[in-house]
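Everything below concerns the one structure shown next.
None of the figures in this text is laboratory data; all of them are computed from the coordinates on show. Fair warning: this is a prediction, and the values are worked out from it, not measured in the lab. Counting neighbours? That spans all protein chains shown, and the Cβs are built from the backbone with ideal geometry, glycine included.
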Amino acid sequence: MFRRPDGRRPGDLRPVTIETGCLKFAPGAVLISAGDTRLLCAATIQEGVPEFLKGKGCGWITAEYAMLPASTPVRKPRETLKPDGRGMEIRRLIGRALRIAVDLKRLGERTIWIDCDVLQADGGTRTLAVTGAWVALALAARTLRRTGQIEADPVVRQVAAVSVGIVAGRPLLDLAYAEDSAAETDMNVVMDAAGRFIEVQGTAEKTPFEQADLDRMLALARAGCRRLFRAQAAALAGPRRPTA
Ligand code: UDP
């Protein structure tokens with residue numbers, strides 16, 4: 001039988017844990033891990049919005065993403081001035097995914113910053129960042145309501161993301177680095193809890209893929225996201241509780 005390096009079946013996620021309450025000062029923060037990939041996602045709230053939104057009564061959400069130097073097998077120098085192209089692309093992906101989760105009018109003229117820092121990278125950091133950032137965002141929104149700053153919950157949609165790919169001709173869910181680096185096709189899928197697609201980024205790295213492969217990868221991603229939605233909901237249901 002076909003075995004993945006860590007013994008998973010093609011449609012298995014890596015074990016997921018989402019731990020809340022890990023930072024004192026951030027109104028929303030989670031430590032999220034999927035196997036050996038581990039990130040800190042923190043949401044902080046700032047009064048005011050960027051210039052282009054001023055006076056519109058609308059809020060804004062913006063995301064940052066960085067890999068800590070020791071998060072990779074070869075030390076990755078800190079991005080002290082600006083992120084590299086990959087980092088920029090990932091920031092924008094996280095920002096788009098979270099803005100669609102929120103009714104920005106309900107947020108009022110304030111900005112939520114989402115900071116995603118990779119503590120350890122073993123593939124799938126951008127998708128795990130989206131999944132963790134959504135929980136951090138939901139916690140920050142809860143703080144805004146609890147403190148009476150806003151009335152209605154601005155988070156109107158649950159969002160999670162997962163990677164899929166084709167390795168040695170087989171569609172696989174949630175690629176670890178060893179699989180990712182050998183993948184013929186690599187795809188990142190962002191979904192909502194109603195099973196609709198928010199973003200699909202797929203690239204044939206070695207061999208072009210067939211429509212049937214695409215359908216199989218999307219089916220795997222849908223099943224994976226369903227489990228991630230449950231993990232997110234469990235994390236929100238209780239403080240400081242790791243979830244599986
Ligand atoms: N990676 C690395 N150093 C880098 C970029 C990536 O070691 O500068 C590794 C890391 O394990 C990462 C994986 O390559 O998770 C896949 O990178 P990719 O750009 O596909 O993003 P990801 O899968 O993390 O979203």
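Helices in the chain, meaning DSSP H runs of at least 4 residues, each add -39500 (n - 2.57). Divided by all residues, the mean residue ellipticity at 222 nm is -9500 deg cm²/dmol.
Rounded to the nearest whole Hz, the Karplus-based 3J(HN,Hα) values (6.51 cos²θ - 1.76 cosθ + 1.60, θ = phi - 60°) of segment 183-193 follow the sequence 6, 7, 9, 10, 9, 10, 10, 10, 9, 9, 6, with x at glycine and proline.
Can you give me the Kirkwood hydrodynamic radius for segment 1-148, using every pair of distinct Cα atoms, in Å to one decimal? Write down the numbers at each step before the final one.
Working: mean 1/r = 0.0614 Å⁻¹.
16.3 Å is the Kirkwood radius here.
All alpha carbon pair distances within segment 6-45 were sorted into 5 Å bins beginning at 0; the resulting P(r) in whole percents reads 6, 23, 23, 17, 12, 9, 6, 4, 0. Neighbour counts of C-beta atoms inside 10 Å place 170, 75 in the sequence 75, 170, starting with the fewest.
If you take the alpha carbon atoms of segment 91-233 and fit the smallest convex hull around them, that volume is 107 Å³ per residue.
Would you please state the base-10 log of I(q)/I(0) at q = 0.13 1/Å for segment 144-222, with intensities from the Debye formula using one equal scatterer on every alpha carbon? Computed log10 I(q)/I(0) values: -0.46. What's the FRET efficiency of residue 74 with residue 145 using the Cβ-Cβ distance as r and R₀ = 41 Å, to the nearest 0.05? Rounded to the nearest 0.05, the efficiency is 0.40. The DSSP beta bridges internal to segment 41-180 are antiparallel in roughly 60% of cases. Among 173, 214, 39, the largest mean-square fluctuation in a Gaussian network model of the chain, built with springs joining Cα atoms closer than 10 Å, belongs to 214.
Think of each Lys and Arg Cβ as +1 and each Asp and Glu Cβ as -1; about the Cα centre, that makes the dipole of the chain roughly 640 debye. Looking at the chain, the DSSP beta bridges with both ends there are about 85 percent antiparallel.
Take every Cα pair under 8 Å whose residues are at least 6 apart in sequence, average their separation, divide by the length of the chain, and the relative contact order is 23 percent.
Charging the Cβ of each Asp and Glu at -1 and of each Lys and Arg at +1, and nothing else, the dipole of segment 125-215 about its Cα centre rounds to 580 debye.
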